[in-house]
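K.L.:
Let me give you the structure first, and then I'll get to my questions.
The values are calculated or read from the model by the stated rules, or taken from the named source; none is laboratory data. Given the structure is predicted, the values throughout are model-derived calculations rather than measurements. Virtual Cβ from ideal backbone geometry, glycine too; neighbours counted across all protein chains shown. Just the protein is used for accessible areas: all its heavy atoms, side chains included, with ligands, DNA and RNA removed. Shrake-Rupley method; radii C 1.70, N 1.55, O 1.52, S 1.80 Å.
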Amino acid sequence: MISKKMEEALNEQVNAELFSAYFYLSMESWFKSKNLNGFANWMRVQTQEEMTHAMKIYDFIDERGGRITLKAIEGPQTEWDSPLAVFEAVYEHEQKVTGLINDLVDLSIKEKDHATNSFLQWFVSEQVEEEASADAAVQQLKMVESAPGGMFMLDRELGQRVFTPPAAEGE
Ligand code: FEO
């Protein structure tokens, strides 16, 4: 059985992951409006990943005999100045999420909740990847800023990203 404190904190994280999905879906629609469909695809895959993060925590709360309580999801930003500004926002957001995951790990230690601690380790590793892929896109965008045709190439490259459900990753 999960403690009330841990249950509440995990419920907050479900909301944060759903907000992340909403945030990236908003970015997808921005890229679509600019006819950058490869970037839009990257954001769609990112949205799907965030949905799986939310559902993973949702299922875990339930499995531990907790109560899932859904809260309102904040409206995301809808406009950005450039593709680089979008990915800088992704990177910043993922760093924030890493902080939230770290806080959850700290709480699980405080609560002596080893099961939740073990569960959260997947998210600790996932955040390393999340930050790295956002940062890689920021660096690529900085490189192509002054190269004609570079944006087109990058759009094509990001259009290759496909969603892989966590179960298929052998976790
Ligand atoms: Fe679910 Fe991108 O962190």
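K.L.:
Please determine, by comparing only the residues of the range 27-36 that are touching a helix residue (DSSP H, G or I) at 6+ places or on another chain (Cβ under 7 Å) and of a type outside the set (D, E, K, R), which one is nearest to residue 144 (Cα to Cα). Outline the logic, then answer.
P.N.:
Residues of the range 27-36 touching a helix residue (DSSP H, G or I) at 6+ places or on another chain (Cβ under 7 Å): 27-28, 30-32, 36.
Within this subset, residues satisfying the condition of being of a type outside the set (D, E, K, R) are 27, 30-31, 36.
Details: 27: 20, 30: 20, 31: 17, 36: 15 Å.
Per the stated criteria, the residue is 36.
K.L.:
For the range 144-167, which residues satisfy the criterion of being touching a residue at least 12 places away in the same chain (Cβ under 8 Å), over 21 Å from residue 49 (Cα atoms) and open to solvent by 80 Å² or more (accessible area, probe 1.4 Å)?
P.N.:
145
K.L.:
Under 9 Å between Cβ atoms, which residue pairs at least 6 apart in sequence (or on different chains) link something in the range 78-92 that is within 14 Å of residue 20 (Cα to Cα) and among the hydroxyl-bearing types (Ser, Thr, Tyr) with a partner that is in a helix (DSSP H, G or I) and open to solvent by 60 Å² or more (accessible area, probe 1.4 Å)?
P.N.:
Listed pairs, sorted by first residue: 78/29.
K.L.:
When you scan the range 110-126, how many residues do you find that are open to solvent by 50 Å² or more (accessible area, probe 1.4 Å) and among the polar types (S, T, N, Q)?
P.N.:
Adding up the residues that qualify gives 3.
K.L.:
Identify all residues within the range 127-140 that are within 12 Å of the ligand (Cβ to nearest atom), out of contact with any Ser or Thr (no Cβ under 7 Å at 6 or more places or on another chain) and open to solvent by 20 Å² or more (accessible area, probe 1.4 Å); write none if there are none.
P.N.:
Pass one, the range 127-140, residues within 12 Å of the ligand (Cβ to nearest atom): 127-134.
Imposing the further condition that a residue be out of contact with any Ser or Thr (no Cβ under 7 Å at 6 or more places or on another chain) reduces the set to 128-130, 132-134.
Within the range 127-140, 128, 129, 132, 133 qualify.
K.L.:
Applying the selection to the range 27-43, what residues are within 17 Å of the chain's Cα centre (by Cα) and surrounded by fewer than 19 Cβ atoms within 10 Å (Cβ to Cβ)? Reasoning before the result, please.
P.N.:
Initially, the range 27-43 is screened for residues within 17 Å of the chain's Cα centre (by Cα), giving 27-29, 39-43.
29, the sole residue that qualifies.
K.L.:
Next up: Considering 96, 56, which residue is closer than 30 Å to residue 112 by Cβ, loosely packed, with under 14 Cβ neighbours inside 10 Å and within 11 Å of the ligand (Cβ to nearest atom)?
P.N.:
Working: 56 fails: loosely packed, with under 14 Cβ neighbours inside 10 Å.
Residue meeting the stated conditions: 96.
K.L.:
Kindly indicate the residue of the range 99-109 that is surrounded by fewer than 18 Cβ atoms within 10 Å (Cβ to Cβ) and of a type in the set (A, V, I, L, M, F, W, C) and also farthest from residue 66 (Cα to Cα) among those meeting that condition. Even if it seems obvious, please write down each step before you answer.
P.N.:
Quick first cut of the range 99-109, residues surrounded by fewer than 18 Cβ atoms within 10 Å (Cβ to Cβ) only: 99-100, 102-103, 105-106, 109.
Now narrow it down to the ones that are of a type in the set (A, V, I, L, M, F, W, C): 100, 105, 109.
On the way: 100: 20, 105: 18, 109: 18 Å.
Per the stated criteria, the residue is 100.
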